[in-house]
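Some notes on the structure that comes next.
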Amino acid sequence: MKDTKDVRKYEEELEKLSPFEIKNTLIQLAQEDARTSTSTFLNAGRGNPNWISTCPREAFFLLGNWAMEECRDEMYLKPGIAGMPSPEGIGERLRTFLRDNSARRGAALLQNALDYAEKELGISADSLAYEWADGIIGDHYPTPSRILVNTEKIVRAYLAQEMGDHAPGQGKEYDLFATEGGTAAMCYVFDSLEVNHLLKRGDKIALMTPIFTPYIEIPELDRYSFDVTNIYADSLDSDGYHTWQYPKEQMDALRNPEIKLVFIVNPSNPPSYRLDQTCLDYLVDIVRKDNPNLMIVTDDVYGTFAKDFKSLMYVLPANTLCVYSFSKYFGATGLRLAVVAAAKENIFDRLIAEEPAAEHQDLIKRYSSLSLTPDKIPFIDRMVADSRSVALNHTAGLSTPQQVQMSLFAIMCLMDKENVYKNRMQSMIENRLDALWKGTGFTLVEDPMRVGYYSEIDMMVWGKKIYGADFCDWLKKNYDPLDIVMRLAQRTSVVLLNGSGFDGPNWSVRASLANLNASDYLKIGSALRSILDGYYKEYKAQK
């Protein structure tokens, strides 16, 4: 399309799609440009990391070798039929195997993990070794279906360390539900909130935006049709730079008790800033004074990339469900590993208990096949049942090999007292972020709340600072905001996502700092600046 009006009309139509669907068009444009120019195709549109955590995976595969030996020792029939691991004395047999194979990768982690679990978490070597052997072989349904017993203890302590800034008591007051990644967790949360009458079609909810797009799109489905209030992180500092925090006047909307639930991604996606103490304290004030029944769902997948992070699950435990995924920190998006965490004492259970008689009887009927006292089933266990349409509750749960890998990821970090892994992850992200902004020539303001897994760049802020308000007015009048990412793809072979798709500023773009090298981000920053400068040349020519 050559005509500017046709281009703008096309972009306006395209903007109705999710940014992750727009991405496919951008990739096609960028790849075509790379084929016909000297540019290199660079896709910073997705958050899939370009690293993996090696030690827990090496331990997993070594553990699998040992578990197979355990099965053959129990019974072996040709062709290729073995028994099941025997629990008696299995801890010592694993220790012997590890001593005999001490030079193999993963052996040290497993040996140290057995010692750590026994001394710090009160898990016997026999209990943990049997759970690992039986789990990695995958010869039983997950039992309990919510999460394996020792895996829960390990992951609970990991969350207390990473999400609770070393919360005391290893977070023992929380129950966990292991799910097939954070995406499954989201679906289960929405589903169970509805079927348990905690949210009804058309109810008022709030979104702390910008936010990961499914949290925007799911409430719009006909099944839910929620009445959504957006709470915008539109605070600016005295120099006009985004702080990506929530002004009190925006958060005050949550004082309305008609708003039943709020969703938040913390640290945020895409700005990648964690809530500052002012926002945390203000939210506590809102709940305590005006909206004590406010349900909170916090998605904390990026919390491990933040320094001294504290999740809302530890700030407002009774009101909060936490979704945490292992996908990004460990380079494990394909493994589908996540948990939902709920405090043992929570408003979800209390609100269910207080429901009207008709709704109460409806839920008793729904869960009556699971218990003689179905009204006593906690909300998190209802989620497990709902994830398998209740009738298949006895076969619910995340596959046991996945849970074993999850426990190895978690226990590695519990034993890493010097934060070697965490520091490496954080410094790698920081280096890429610095390279991106160095390429743009824009000023990256120091901010301890910034995490940097993504970077959201508001081109209107920088257009105004560099070229003035009149230029920005001209740009808004003549172009659609999507034109920035379209030009980037078409002229520089770079793919970024439009920030507006995450309910961010219309003229912002989102860059993932996870999936390319620092030198690539330097090029992306330069390409982004060239697009802004190109608009200015057009502006000057027209003037």
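Results, tabulated for the structure shown:
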item: Residues that are out of contact with any helix residue (DSSP H, G or I) (no Cβ under 7 Å at 6 or more places or on another chain) and open to solvent by less than 30 Å² (accessible area, probe 1.4 Å), drawn from the range 210-223; result: Tyr215, Ile216, Pro219
item: Pair list, Cβ < 8 Å and 6+ apart or interchain, from the range 410-426 residues that are under 17 Å from Asp308 (Cβ atoms) to residues that are outside any helix (DSSP H, G or I) and among the hydroxyl-bearing types (Ser, Thr, Tyr); result: Tyr421/Ser53; Met425/Tyr329
item: Selection from the range 43-73 of residues that are farther than 18 Å from Met406 by Cα, open to solvent by 10 Å² or more (accessible area, probe 1.4 Å) and among the hydrophobic types (A, V, I, L, M, F, W, C); result: Met68
item: Output for the range 91-115, where each listed residue is assigned to a helix (DSSP H, G or I) and buried (at least 17 other Cβ atoms within 10 Å of the Cβ); result: Gly91, Arg93, Leu94, Phe97, Leu98, Ala107, Leu109, Leu110, Gln111, Ala113, Leu114
item: Flag for Glu456 being in contact with a strand residue (DSSP E or B) (Cβ under 7 Å, 6 or more places away or on another chain), at pLDDT 95 or above and among the acidic types (Asp, Glu); result: yes
item: Unmet criterion (only one of (1) in contact with an Asp or Glu (Cβ under 6 Å, 6 or more places away or on another chain); (2) in a helix (DSSP H, G or I)) for Tyr521; result: (1)
item: Candidate set: the range 13-62, residues that are aromatic (Phe, Trp, Tyr) and in contact with a helix residue (DSSP H, G or I) (Cβ under 8 Å, 6 or more places away or on another chain); chosen: the one nearest to Leu497 (Cα to Cα); result: Phe20
item: Residues located in the range 332-361, provided they are over 22 Å from Ala167 (Cα atoms), assigned to a loop (DSSP other than H, G, I, E, B) and open to solvent by 10 Å² or more (accessible area, probe 1.4 Å); result: Arg336, Glu354, Glu355, Pro356
item: Selection count, the range 367-384, where residues are under 18 Å from Thr395 (Cβ atoms) and in contact with a Pro (Cβ under 8 Å, 6 or more places away or on another chain); result: 1
item: Number of the exception - Ser272 against (1) in contact with a Phe, Trp or Tyr (Cβ under 7 Å, 6 or more places away or on another chain); (2) at pLDDT below 95; result: (2)
item: Whichever residue in the range 242-266 is part of a strand (DSSP E or B) and open to solvent by 30 Å² or more (accessible area, probe 1.4 Å) and, among such residues, is farthest from Phe442 (Cα to Cα); result: Lys260
item: Qualifying residues in the range 240-275 (those that are over 16 Å from Thr209 (Cβ atoms) and in contact (Cβ under 8 Å) with a residue 40 or more places away in the chain) - the one farthest from the chain's Cα centre (by Cα); result: Gly240
item: Filter result (closer than 29 Å to Ile218 by Cα and either modelled with pLDDT of 95 or more or open to solvent by 20 Å² or more (accessible area, probe 1.4 Å) (or both)) within the range 466-481; result: Pro481
item: Every pair of residues 6+ apart whose Cβ atoms lie under 8 Å, when the first sits in the range 8-33 and is over 12 Å from Pro481 (Cα atoms) and basic (Lys, Arg) while the second is outside any helix (DSSP H, G or I) and open to solvent by 70 Å² or more (accessible area, probe 1.4 Å); result: Lys23/Arg46
item: Which listed residue is modelled with pLDDT under 95 and either open to solvent by less than 40 Å² (accessible area, probe 1.4 Å) or farther than 20 Å from Leu17 by Cβ (or both), from Asp227, Asp239; result: Asp239
item: Residue in the range 382-399 that is most open to solvent (accessible area, probe 1.4 Å), counting only those that are assigned to a helix (DSSP H, G or I) and among the β-branched types (Val, Ile, Thr); result: Thr395
item: Tally, over the range 362-381, of residues that are more than 30 Å from the chain's Cα centre (by Cα) and assigned to a loop (DSSP other than H, G, I, E, B); result: 6
item: Any hit, the range 318-331, residues being in a loop (DSSP other than H, G, I, E, B), more than 17 Å from Asn48 (Cβ to Cβ) and touching a strand residue (DSSP E or B) at 6+ places or on another chain (Cβ under 8 Å); result: no
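The values are calculated or read from the model by the stated rules, or taken from the named source; none is laboratory data. None of the values given here were measured: they were computed from a predicted structure. Neighbour counts are summed over all protein chains in view; Cβ atoms, including those assigned to glycine, are modelled from backbone coordinates with ideal geometry. Note: accessible area is taken over every heavy atom of the protein model, side chains too, but ligands, DNA and RNA are not part of it. Shrake-Rupley method; radii C 1.70, N 1.55, O 1.52, S 1.80 Å.
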